[in-house]
Structures are given as C-alpha cells and as structure tokens.
Amino acid sequence: MNEFEQIESSQRQHHNEIQHQMKQEVLETEQQFQIFSMLKPKIYPDGDMWCCLYGEDIVSGVVGFGSTPLKAILDFNNSFNEKIKVKV
C-alpha cells in the first residue's frame with residue numbers, strides 16, 4: 001500500500017467513525033423522546049420557564065421544567081426515570 005492509499009484508508013476510517021457517532025447520537029435523541037411521545041404530557045409556558053406535566057398537577061404527576069421546551073422535556077424524562085427507579 002502506497003502513501004496515498006494509506007491516507008485514503010485513514011480518511012475513510014475516520015469518516016466511518018464520524019458516521020457511527022452521528023447514528024449513536026440520533027438513537028439517543030430518539031430514546032429521549034420515546035417517553036414523551038408515548039405519554040403525551042402537557043407542555044406549556046409557566047412564568048419564565050416551560051413546564052412539561054403528565055398527570056393532574058405537579059405534586060401528584062410527573063413534571064419537568066426548563067428554560068426551553070426541549071429542556072423541559074429532558075427534565076421531564078429525568079423525573080419520569082427517577083419515579084420508576086423509586087417504585088422498583
């Protein structure tokens with residue numbers, strides 16, 4: 001293998017690694033939204049924050065807050081996972 005082929009092979013390998021990493025990130029993002037999409041909680045502005053609520057109220061339900069809707073959803077997912085851990 002000459003020097004040009006070695007460089008090309010190295011670049012191809014690097015490209016494949018980047019593609020794999022991007023696919024992993026997409027899968028992780030999809031997993032983050034699975035809980036949200038299955039439960040379909042309410043999401044609404046609450047003062048200067050966003051609230052993501054599943055249930056009747058923030059005391060008895062599962063809730064997440066964030067400065068953006070996305071951050072509220074991610075906080076909701078964390079809260080949901082914590083409630084599951086406590087019950088198990």
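One residue stands out among those in segment 35-59 that are modelled with pLDDT of 90 or more and of a type in the set (Ser, Thr, Tyr): the one that is surrounded by the most Cβ atoms within 10 Å (Cβ to Cβ), which is TYR54. Among the conditions (1) among the small types (Gly, Ala, Ser); (2) in contact with a strand residue (DSSP E or B) (Cβ under 7 Å, 6 or more places away or on another chain); (3) at pLDDT below 95, the only one that SER9 does not satisfy is (2).
Residues that are of a type in the set (Gly, Ala, Ser) and in a loop (DSSP other than H, G, I, E, B) within segment 32-59 comprise GLY47, GLY55, listed in sequence order. Of the numbered criteria (1) over 21 Å from GLN31 (Cα atoms); (2) hydroxyl-bearing (Ser, Thr, Tyr); (3) at pLDDT 95 or above, the one THR68 fails is (1). Taking each residue of segment 17-39 that is closer than 18 Å to ILE84 by Cβ and in contact (Cβ under 8 Å) with a residue 12 or more places away in the chain and looking for partners that are surrounded by 10 or more Cβ atoms within 10 Å (Cβ to Cβ) and of a type in the set (S, T, N, Q) with beta-carbon atoms closer than 9 Å, six or more apart or interchain, yields GLN32/ASN77; PHE33/ASN77; ILE35/ASN77; ILE35/ASN81; PHE36/ASN77. Pairs linking a residue in segment 44-61 that is closer than 12 Å to ALA72 by Cα to a residue that is of a type in the set (Phe, Trp, Tyr) and surrounded by fewer than 18 Cβ atoms within 10 Å (Cβ to Cβ), with Cβ atoms under 6 Å and 6 or more positions apart or on different chains, are MET49/PHE65; CYS51/TYR44; CYS51/PHE65. One residue stands out among those in segment 60-88 that are assigned to a strand (DSSP E or B) and within 14 Å of the chain's Cα centre (by Cα): the one that is surrounded by the most Cβ atoms within 10 Å (Cβ to Cβ), which is GLY64.
The values are calculated or read from the model by the stated rules, or taken from the named source; none is laboratory data. The model shown is predicted, which means the values in this text are computed figures rather than measured ones. Don't worry about glycine lacking a Cβ; one is built from the backbone with ideal geometry, like all the others, and counts go over all protein chains shown.
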